[in-house]
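Inspection log for the structure reproduced underneath, given as C-alpha cells.
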Amino acid sequence: MTSVPADDARAQDARAGDAWDGAPCGLLVLAMDGAVLRANSTLLSWVGRSPEQVPGLRMSDLLSVGGRIYWETHLAPLLHVEQRLDEIALELRTSDGRMPVLVSATVTQAVDGRPATVHVAVSSSHERSRYERELLSARSAAEASERRVQVLQQTTAALSRALGVSAVADALLAAALGPLGAASATVWVAEREGGLHRLSGDEAFLPDSRLLLHERTAVRDGERVVVPLHGQSALQGLLAVTPRPDAGAEPVDLEVLTAIGQHCGLALDRAKLYEHSAGVARELQHSLLAVAAPADARFSIATTYRPGVEMLEVGGDWHDTFLVDGSVLGVVVGDVVGRGLRAASAMGQLRSAVRAIAAPGVGPARLLSRLDHFVEQVEAAGMATVAYGELDLASGRFQYSCAGHPPPLLLPARGQPRFLWDGRSVPLGAYVHPGARSEAELQLDPGDRLLLYTDGLVERRDEGIDDRLVQLLQAASAVRMLPLEGAVASLTAAMLEGEQVRDDVCVLLLSWGSLEFEHQLSADLTALAGTRGALSAWLLGRGVREQVANDVVLAASEAVANAAEHGAGWDRDAAVRLQVRLVLDRGAGEVVVVVRDSGRWRPPVSSLERGRGLSIMRGLVDDVSVDSEAGGTTVVLRRQLQQDAS
C-alpha cells in the first residue's frame, strides 16, 4: 500500500475543508439529538451566525417557528426511522426574514466508537418558490379564464334560446344571480316612448343613465355595478348587479359583465324584432279566425280549436257562427286539405266566402253549390269538406248539408245521441260538372245540442273510422250533462288522448233553448254590452222577474270586469268565460252565475277588495264565492228566484 506523505495529506484535508466550507449550499453535521456540530460558511452567512456561535445551536434554532415545530414533531422522528430526508421544504430564520430552503439529510452510522451523526444539505429555493408561485398564478389565471369562458358560453346559449324580451331578461337575471355570483340583480328595458322600466329584479332605484349614454363597458355606481345593454343602434336596457358582501366572495368581473351586456343588447334587439314580427303574424292569424259568436239569448255555443302546426295559431280547419238574418243562425265547420299557412290562407278565403254567400232564402244546399264555383278560383281550397247548417232560433228548425264532412252529432235533451247521416254529398270541387247538392232538416227541442267537428277529432292511423265514431258517440254521451264549455273540453281531451300524429282539430257545440247560458268574451270587454243584453233577454225569456234579472246581470257584469282586470290584465287575447244556469225546484230554484278566467297573472283574492266589485256583487245576490288556483280564478254568484226585490 502506497503511503501519502504527511504534507500532502494535510493539503488534501485543507482543500476538502475549503470545498466544504465554500460550497454553494449550506452544510451541517448534527448530533442525533439535533445539536449542531459543524456548519459551513454558506449556512452561517444565511442565518447571520459566526463559527463561534455554533456550539450550543440546535437545528430547530435555525428554522422559522413553523419549521421548528415541523422538525421536532415530524422530521426528527422520521429521520430516526428512515435514516434520511429528501428535499423537505422549510424556512430558515435570517436577518432579512424567512428564507425558503430545501433540506436533505442522511444518517452516518457509528464507526470505531464514534457516535452516529446526521449530515444535512440545505439549498436555497428562492427560484423554485418563485417558479412555483408563477406556476400557481398561471394555473389560477387559466382556471379563471376557463370559468369566464364557461359563464359567457352558458349565458350566450341562454340568450340565444330566449324568444321574447321577458325571456331575455330572465336569462340575464339567472346568469347574474348564478354563475356571475351577484347578491342581487335588476334588469331595466328601454321603452318605445323613451325611458326605462324595470322588467325583473327587486331593486327599484334606476341607475343614473347619464353614466351610460356613451359608456359601452360595465361601470361602478356606488356599491353596485351597472352594465349598459347596447343593441346595434341604441341602448336597449340596463343591468344592475350588487356584489356579495361576504369576505370570501369573488369580486364581479367587469370584463365578463361587459361582454355579457353586449350579447344581451343584441339579444334584446332580436327579441324586440321577434315580438314585433310575432305580433304582426298574430294579428294576421287572428284575422283568419272566426269572430266572436253573436250574443243572443236563444242559443248558447262553445268551441275549441287547435292547429296542427304547433308554432301557428291557425290551420286548415275552421268554425264560424253568424246571424243570416234576425232569426236564423248560421253555423259552419270546415276543413281545407293540408296544414300550415297555405291551408290557413285558403281557409280564410273559404270562411269569408261562406259569410258572403249566406243570405235569407239561400239555404245550406245552394250555399255549398255556390262554394263549388268559388273553389274553382282558389286552387288550395279544392276538396275541402264543409258542414253548414241554419237554425231557426224561433222554432228550433235546423237545416243542414255536409260536403264530404263527418256527420254532425245530435245530443238530445231527452233520448240517445245519434249521428245525422242525411244531407250528404262529396267535398267541394269534387264534381267535374257541379250539380245540385242535398240538404236535410231536423226539429230541435229546447235543450237539444248539436256537435259539429272536423276529422282531426276522430281520425287515427291505427284505428278504423267506424270504431272512432263509436268512441265519439260514447264520449259525447258521457259529457252530455256538463256545461257546454266543460263538455267540449272533456270530449276533446278524451278523443285526443294518446294521439301520435298532431292534426288540426275543430269542435263546435251548439245548444238551443236550454236552461244554460254560456258566453266567452275577450278580456278587453269590447263585447260586454252585447253579452249583458243577451243575458237579460235570456233570463226574462225563461220567466225570471225583471228586478231579479237586472240584479243578476249587474252582478255578472261586475264579476266579468274583475276577471278581465285581475285575471287577464285587459288582454284582448285572453278569455273570460261566463256561464249562467237556472236550477228549478218545484217552481222556486235559483240562478247560478259562474265566471272563470285563466289569465297569466293571478293576484290574491283580497286584491278584489281594493275596488267596490265584491261589495256590489254581495248587495245584488245571495251568495258570492271566489276560488283562486294556479290555473285561474272562479267566481260563483247565487240568487234565489223567489226572493223579493230589495
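The values are calculated or read from the model by the stated rules, or taken from the named source; none is laboratory data. Note that the coordinates shown come from a computational prediction; the quantities given were computed from them, not determined experimentally. With ideal geometry, Cβ positions are generated from the backbone for all residues, glycine too; neighbour counts draw on all protein chains shown. Keep in mind that these areas ignore ligands, DNA and RNA; they rest on the heavy atoms of the full protein, side chains included. Shrake-Rupley method; radii C 1.70, N 1.55, O 1.52, S 1.80 Å.
Quick notes
- The set of residues in the stretch 524-551 that are more than 30 Å from Leu409 (Cα to Cα), under 37 Å from the mean Cα position of the chain (by Cα) and either open to solvent by less than 40 Å² (accessible area, probe 1.4 Å) or hydroxyl-bearing (Ser, Thr, Tyr) (or both) comprises Leu525, Thr526, Leu528.
- Consider the stretch 594-643 and keep the residues that are open to solvent by less than 40 Å² (accessible area, probe 1.4 Å), part of a loop (DSSP other than H, G, I, E, B) and within 18 Å of Val544 (Cβ to Cβ). The one that is modelled with the lowest pLDDT is Leu641.
- Of the numbered criteria (1) open to solvent by less than 10 Å² (accessible area, probe 1.4 Å); (2) modelled with pLDDT under 75, the one Leu172 fails is (2).
- Criterion applied to Arg461, Arg437, Arg449, Arg468 was being among the basic types (Lys, Arg), without any contact (Cβ under 8 Å) to a residue 40 or more places away in the chain and farther than 23 Å from Gly589 by Cα, and the one residue passing it is Arg468.
- Residues in the stretch 424-436 that are modelled with pLDDT of 90 or more and open to solvent by 10 Å² or more (accessible area, probe 1.4 Å) were compared, and the one that is farthest from Ala381 (Cα to Cα) is Arg424.
- Where Asp573 falls short, out of the listed (1) assigned to a helix (DSSP H, G or I); (2) surrounded by fewer than 18 Cβ atoms within 10 Å (Cβ to Cβ); (3) not β-branched (Val, Ile, Thr): (1)
- Qualifying residue in the stretch 332-340 (condition: farther than 18 Å from Tyr453 by Cβ, open to solvent by less than 30 Å² (accessible area, probe 1.4 Å) and out of contact with any strand residue (DSSP E or B) (no Cβ under 9 Å at 6 or more places or on another chain)): yes
- Qualifying positions in the stretch 115-136 - open to solvent by 70 Å² or more (accessible area, probe 1.4 Å) and hydroxyl-bearing (Ser, Thr, Tyr): Tyr131
- Residue identified as polar (S, T, N, Q), under 19 Å from Met32 (Cα atoms) and out of contact with any strand residue (DSSP E or B) (no Cβ under 7 Å at 6 or more places or on another chain) among Thr73, Thr106: Thr73
- Of all residues in the stretch 495-523, those satisfying the criterion of being assigned to a loop (DSSP other than H, G, I, E, B), of a type outside the set (Ser, Thr, Tyr) and open to solvent by less than 30 Å² (accessible area, probe 1.4 Å) are Asp504, Gly513, Ala523.
- Residue in the stretch 228-261 that is most open to solvent (accessible area, probe 1.4 Å), counting only those that are of a type outside the set (Gly, Ala, Ser), under 19 Å from Glu191 (Cβ atoms) and under 24 Å from the mean Cα position of the chain (by Cα): Gln236
- In a residue-by-residue description of the stretch 459-468, the property of being farther than 30 Å from Arg298 by Cβ, in the same structural domain as Tyr400 (by TED's automatic domain parsing), open to solvent by less than 20 Å² (accessible area, probe 1.4 Å) and under 38 Å from the mean Cα position of the chain (by Cα) applies to at least one position.
- Residue within the stretch 24-44 that is in contact with a strand residue (DSSP E or B) (Cβ under 6 Å, 6 or more places away or on another chain), open to solvent by less than 100 Å² (accessible area, probe 1.4 Å), assigned to a helix (DSSP H, G or I) and at pLDDT 85 or above present: yes
- Contact map, the stretch 128-147: first residue closer than 16 Å to Pro100 by Cβ, second residue surrounded by 10 or more Cβ atoms within 10 Å (Cβ to Cβ), Cβ cut-off under 7 Å, separation 6 or more or different chains; pairs are Ser129/Pro100.
- Here the condition is being at positive phi and of a type in the set (S, T, N, Q); of Gln83, Gln109, it holds for Gln83 alone.
- For the stretch 437-456, filtered to residues that are farther than 14 Å from Thr385 by Cβ and out of contact with any Leu (no Cβ under 9 Å at 6 or more places or on another chain), the residue that is least open to solvent (accessible area, probe 1.4 Å) is Ser438.
- Among the residues making up the stretch 114-126, those that are within 17 Å of Gly97 (Cβ to Cβ) and out of contact with any Gly (no Cβ under 7 Å at 6 or more places or on another chain) are Ser124, Ser125, His126.
- So Asp372, is it open to solvent by less than 60 Å² (accessible area, probe 1.4 Å) and either modelled with pLDDT of 90 or more or not hydroxyl-bearing (Ser, Thr, Tyr) (or both): yes
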